[in-house]
Every structure is written in C-alpha cells, then in structure tokens.
1. In which sequence would ILE247, ILE78 go, from the one with the fewest C-beta neighbours within 10 Å to the one with the most?
2. Just rank HIS233, HIS138, fewest to most, by other beta-carbon atoms within 10 angstrom.
3. Using 7 Å Cα-to-Cβ label points, what is the ILE29/SER259 separation (nm, one decimal)?
4. ILE205 versus CYS49, label points 7 Å from Cα toward the beta carbon: distance in nm?
5. Taking 0.36 nm per residue of separation and subtracting the Cα-Cα distance, what length does fully extending LYS276 through LYS221 add?
6. Please give the length that would be gained between ASN8 and SER121 if that part of the chain were fully extended, namely 0.36 nm times their separation in residues minus their C-alpha to C-alpha distance (nm, one decimal).
7. Mark the label point 7 Å from the Cα of SER158 along Cα→Cβ and return the residues of segment 99-140 whose backbone N is within less than 19 Å of it.
8. Take SER61 and THR146, extend 7 Å from each Cα along the Cα→Cβ direction, and tell me the distance between the two endpoints in nm.
Amino acid sequence: MDILIPNNSVHITGGKDLELMTGIPYKIINDGHYLDNGKGNYGSYVTLCGNSYDRNDPNYSRQIWFILESTNFGEYRISSKGSYLDTFGDEQLWKFEIADYQLKAEIEDFKYDKKINDLESYATRDSFSIFTSRNQSHGCNKIGITLSEKMQNITSWSFNKSKKIAFLDKLDVDIKAEYAGVRGNLPEIIKWDNKTTSLETTKKIQLDETKVSGKYSVEIKKKDDVEVKIIWHKVNLDIQFTATAKIRGFSDRLRKNGSVAKMEQADANATLCFLKNSGFEGTIIGTEGKNVLVEITGNVKIQGALKYEIENSSVVLPSFNSAVDDHVDDDHVLV
C-alpha cells in the first residue's frame, strides 16, 4: 500500500501555524472564483472558474489542490492531479476552503456521579396490601397465597443542551455505555439516529424487572386478622455524568506517489481542523492515535425497585360474613 502524506500544520514565517493541513484536499478561492487546473496536463494554464464542482461532478478533481511540504521550513508546493501550481513570479492572495470531509463519533467512557454506588441511600419505601384474612376459629390457620408482582426498571438519559456540541446532531453517532440501572450496569451499544432526533432528546431503555413470585405461607393465629403487604424499595434519581466523544475525521488524502486515496481516515491534526470548521467550541481532552477526544456531559434518570420485602401483620378488619373467613377465594390469590 502506498504511504499517505502526514497531515501536518502549515507554518508561516515566524513559526506560527495556519489552520491548514498538508495532504488533504482544498479548494482555492479568489473573489468568489475557484482555481481550476483545466485538463490538468503539464504546462496547462490555470484558470478561475465561477462554478464550484462537488465530488459527484466529473470536473471535481480540477478544483482539488493539496499542500505539500518542501525541504525548506515554511515553504510549500501546491499540487493538483500530479502537477504543481506555478505563478511565474506573480503574487496572488488566495483563500483556502476544505473541499470535503466527514466526521464520525463514538461516545463512551461514561463516568457517573458517586450517587450511582449508593442508590439504597436514596430509596423510598412504598407498600401496598396484597392479601387480608380473618381467623374466627379457636386454632391457628395456615393459608398459602401465590405471588406474581413486578416493577419495571427504566434508565433514561440525555446529553446537556449546548451549542458547543450541536455539530454532533449532524453525525452518525454510536453510544457505548454501561447503562446504570437499579440492578447494576448493562454494557450495550446503542445507535443514535441523528437524522430524526438530537442528542438532547431523552432516550429510555427498559433494562429489566424486579419480580415477586412464588408461593407464600401465611399463619393466622386464632381470632386474629392479618394483612400481607409488599414493600418496594423504590428509587427515582437523577445522576449527572461526563463522557468522552471519540471523533474520527475522513477526507481524500494524497499519497507520496501523487495518487489520491478516497475518504481515508485523517490524522488527528486534520480532524481538529475539521472540528473547528464545523463550529465546535467545546472542551478538547486530547488525542488518541488519529482520534480527537471531546468531553460532553449529560444526565441519567434511574427509576425502579432495588428490592422488596413481604410483611404480614395483625390488623383490625371490618366485620364481614364468616362464610368467606375460612378459605382464600380468587380475590386473595395473585396471579
């Protein structure tokens, strides 16, 4: 495979950097006209064209130029289709426009507020009666009841609204998160469809259920009334998080042999340039290989039942027909 030219910053006299990169395609503009190499043959004249061709146009390559480093610091050659721009001594002032690029993002490395490790401290007890009975006999009665109750555990999350990350709404974004829930964390990859919604939109995932099931025996002492309750330990909590968006940039890239590689991943320097060109104003964490790491924040809402208890206690029931006291009818069996 032919070697790609590195994406390095273009320097000017004095050691400063321009917001330009070597080895990626540019269009060069003068007063609304685009530098066009015509047929691109050696010795052909360069013209200014009033039309800007997109990459689907057969004339697209005529307006694509690459900046190449020379052996002298701060001096560069400008190439198109293997030929080099030569002004024959004339000086020109030019503007540069990145011709075409794509950005993709993966959001990962979620770090939650410490509340996530102590959900029990924020739980509330919510009880409801599932069975009542009266024993009018002179001995103890044992009654079996069938329990079948459940509570859904749901995690909802969204990313904080910010103009600084608005550019993400235009991208295809993969979210790799250990979704925090009442039953622990669940590693999963979610595809966020940014063509129909934005990252600020709340998204819900039903992780699992907390269930109460099986047989339960109730002992009722003589002349006693009893009530059986389920007590849910419920949580409804908002938790802040930070996460890392791993941004990858893609563009056409020039090889050292003069050929062009179509939509190859760009180096991190070029991706930083693409981000700024897309209006990004957020926090850059750093780089990882060819990727640029960006910090974003958001909120997770955790709802559900951490656990349950079954409690029976003596109560005073209102008087009712003794014919129903000595057995459990269908209303007392939870299915």
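We did not get these values from a lab; they are worked out from the coordinates using the rules stated. Source: prediction; values computed, not measured. Please note: Cβ atoms are built from the backbone with ideal geometry, for glycine as well, and neighbour counts cover all protein chains shown.
1. Final ranking by Cβ density, sparse to dense: ILE78, ILE247.
2. So the ranking, lowest neighbour count to highest, is HIS138, HIS233.
3. So the label points at ILE29 and SER259 sit 3.2 nm apart.
4. Here the answer is 4.8 nm between the modelled labels.
5. 12.1 nm
6. Values: separation 113, 0.36 × 113 = 40.68 nm, distance 5.26 nm.
Result: 35.4 nm gained on full extension.
7. 113
8. Simple spin-label model gives 7.5 nm for this pair.
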